[in-house]
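**Student:** Quick one: the structure is below, questions incoming.
Throughout, read-outs are computed from the coordinates displayed, never taken from laboratory work. Here the structure is a predicted model, which is why all the values come from computation and not from measurement. Every residue, glycine as well, gets a Cβ built from its backbone with ideal geometry; the counts of neighbours run over all protein chains shown.
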Amino acid sequence: MFERFTKEARQAVISAQEEARRLHHDHIGTEHLLLGLLRQTGTLSAELLNRHGLDHERASQAVVRLLGPGEELDADALRAIGIDLDAVREKVEAAFGPGALERRPTEAGRRRGVGFIPWLKGGHLPLSDRAKKVLELSLREAIALDSMAIRDGHILLGLLRERTGMGARIIAEAGIDLASFHQEVRSRLR
């Protein structure tokens, strides 16, 4: 499926991972997919969402309000009790190689294909079940629209069609009617 993603759609998923890391979350959820779409200026998804009053900043604030920021190690607090994170990282990477502390999918997750996207680099974060469903729905939307490629708009349609994830909730809380917006996006993708 992932070979069908356009450059913009791939970048939206890569940006979703970056958003999850920025927020110190340990997975890519539907909310991160929404943020990834909004980060892509000049795309159909960002244009339509912005036109309806939902921009990256507003969506990001909603994610933090609803989920809170993830846990971040406080380097200064650890340093105060004698732990130097940079020194720990250097020793671990010297023993196990560069990037040894990056999160990677578990072996069981790789076998099931859960959260594994071949073009995500740097010890990618796993996809939540709902985010995985959104990407599957984006493929279905592309097929239904007779598209050979999955575009960023198809990912947005997947978010709208999934309905129960945090991404769809943030869109609805912005005052956007999911059903009519779904039709608007579909008409723009034809």
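**Student:** If packing is taken as the average count of other Cβ atoms within 10 Å, what order do 134-144, 173-183 fall into, highest mean first? Could the numbers behind the result be given before it?
**Tutor:** Details: 134-144: 19.8, 173-183: 14.1.
By packing density, highest mean first, the sequence is 134-144, 173-183.
**Student:** Let me know the shape class of the stretch 142-183, please: from the alpha-carbon gyration tensor, a ≥ b ≥ c as square roots of the eigenvalues, rounded when a/c is under 1.5, otherwise prolate if a/b is greater than b/c, or oblate.
**Tutor:** On the way: a/c = 2.74, a/b = 2.09, b/c = 1.31.
It is prolate, given that a/c is not under 1.5 and a/b is the larger ratio.
**Student:** Here is a further query. For I28, list long-range residues whose amide hydrogen, built 1.01 Å from N in the peptide plane, is under 5 Å from its own amide hydrogen.
**Tutor:** L127, S128
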